[in-house]
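Student: Got a structure for you, questions after.
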Amino acid sequence: MGIRILLVEDDFYLRDGLCELLKNQEYEVVSAENCRQMRELLQEKSVDLVILDVMLPDGSGYDLCMQLREAGSDVPILFLTACDEEYQIVRGLDAGGDDYVTKPFKMQELLSRIRALLRRHSSTVLHQDEMQIDIASMSVKKAGAAITLTPTEFQILTALVSNSGVIVARSSLLSRIWDVDGNFIDDNTLSVHISRLREKIGAEHIKTIRGVGYRWE
């Protein structure tokens, strides 16, 4: 899956134009025109970045941002605001926003801000369907719910997700995975860790390639 951006903007012409712009940059785009649609989309899909208008027909972008942060989401949020007054900008950042662009804005400036946010975020967080893996904090969420993994299970998960769709050989995992005490794990122990990982995140995600290794589905 490519980078998916959620655009929340009630102005039809601006929303349509931004969707076309982002798709031309090879982003996957989903869009909403109000708070209700945004909430529904976030329940159905994982996204890598949210572009959020401050003033929406059925609520405030600030309130939506705070609700996301309170729910534990750390998805980057870029505010679109028609007001460049300092207190409004500060309000958006205090609500949990990562950046803002003031209307009217230059398209290249918007794209630059998007790239910067994605670079900053992608260095520490992996997304795979409904799975969110934060490398910096060694935390994992599935559909918004926290999953507790051991350090070794976490290493195996990140190795598989980072190579999604590609077979990762058992020998490769064994050479790069260490247990919590800093010792190499053996072949039998790897099988046990894989089994426990499947129980926690869903067996359908890790496919065994018999005699070779594993592949993240």
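Student: Could you count how many residues in segment 141-175 are of a type in the set (G, A, S), outside any helix (DSSP H, G or I) and surrounded by 14 or more Cβ atoms within 10 Å (Cβ to Cβ)?
Tutor: 1
Student: Quick check on segment 73-90: of everything there that is of a type outside the set (D, E) and exposed (fewer than 13 other Cβ atoms within 10 Å of the Cβ), which residue is nearest to G2 (Cα to Cα)?
Tutor: Per the criteria, the residue is A82.
Student: Any idea which of L126, L64 is modelled with pLDDT under 85, under 20 Å from the mean Cα position of the chain (by Cα), open to solvent by less than 50 Å² (accessible area, probe 1.4 Å) and of a type outside the set (S, T, N, Q)?
Tutor: One residue alone meets the criteria, L126.
Student: Here's a check for you: in segment 34-49, which residue that is touching a Ser or Thr at 6+ places or on another chain (Cβ under 9 Å) and of a type outside the set (D, E, K, R) is least open to solvent (accessible area, probe 1.4 Å)?
Tutor: It comes out as C35.
Student: Can we say D74 is outside any helix (DSSP H, G or I), acidic (D, E) and at pLDDT below 90?
Tutor: yes
Student: L93 fails exactly one of the following numbered conditions: (1) open to solvent by 50 Å² or more (accessible area, probe 1.4 Å); (2) over 21 Å from V8 (Cβ atoms); (3) over 11 Å from the mean Cα position of the chain (by Cα). What is the number of that condition?
Tutor: (2)
Student: I need the full set of residues from segment 184-217 which are open to solvent by less than 50 Å² (accessible area, probe 1.4 Å), assigned to a helix (DSSP H, G or I) and aliphatic (A, V, I, L, M), in order please.
Tutor: L190, I194, L197, I201
Student: Here is a list: L64, L68. Which entry is touching a Cys at 6+ places or on another chain (Cβ under 7 Å) and outside any strand (DSSP E or B)?
Tutor: It is L64.
Student: Now for a different question. Open to solvent by 60 Å² or more (accessible area, probe 1.4 Å), β-branched (V, I, T) and at pLDDT below 95 - does that describe any residue in segment 3-26?
Tutor: Checked segment 3-26: at least one residue is open to solvent by 60 Å² or more (accessible area, probe 1.4 Å), β-branched (V, I, T) and at pLDDT below 95.
Student: Against the conditions (1) assigned to a loop (DSSP other than H, G, I, E, B); (2) out of contact with any His (no Cβ under 7 Å at 6 or more places or on another chain); (3) of a type outside the set (A, V, I, L, M), where does R91 fall short? Just the number, please.
Tutor: That leaves (1) as the condition not met.
Student: Could we say that I114 is in contact with a helix residue (DSSP H, G or I) (Cβ under 9 Å, 6 or more places away or on another chain) and assigned to a strand (DSSP E or B) here?
Tutor: For I114, the condition - in contact with a helix residue (DSSP H, G or I) (Cβ under 9 Å, 6 or more places away or on another chain) and assigned to a strand (DSSP E or B) - is not met.
Student: Quick test for you: out of L174, L110, pick the one residue that is at pLDDT below 85 and in contact with a strand residue (DSSP E or B) (Cβ under 9 Å, 6 or more places away or on another chain).
Tutor: L174
Student: Tell me, yes or no, whether segment 103-115 has at least one residue that is in contact (Cβ under 8 Å) with a residue 12 or more places away in the chain, open to solvent by 40 Å² or more (accessible area, probe 1.4 Å), in contact with a Lys or Arg (Cβ under 8 Å, 6 or more places away or on another chain) and under 19 Å from V8 (Cβ atoms).
Tutor: No, because not a single residue in segment 103-115 is in contact (Cβ under 8 Å) with a residue 12 or more places away in the chain, open to solvent by 40 Å² or more (accessible area, probe 1.4 Å), in contact with a Lys or Arg (Cβ under 8 Å, 6 or more places away or on another chain) and under 19 Å from V8 (Cβ atoms).
Student: Taking only pairs six or more apart or across chains, which ones have beta-carbon atoms under 7 Å, a first residue in segment 23-42 that is within 11 Å of G2 (Cα to Cα), and a second residue that is open to solvent by 80 Å² or more (accessible area, probe 1.4 Å)?
Tutor: Within 7 Å, the pairs are V29/K23.
The values are calculated or read from the model by the stated rules, or taken from the named source; none is laboratory data. What you see is a predicted model; the values in this text were computed from it and never measured. As a convention, Cβ positions derive from the backbone with ideal geometry for all residues, glycine included, and neighbour counts pool all protein chains shown. Remember, those area values only see protein heavy atoms, side chains included, never the ligands or the DNA or RNA. Shrake-Rupley method; radii C 1.70, N 1.55, O 1.52, S 1.80 Å.
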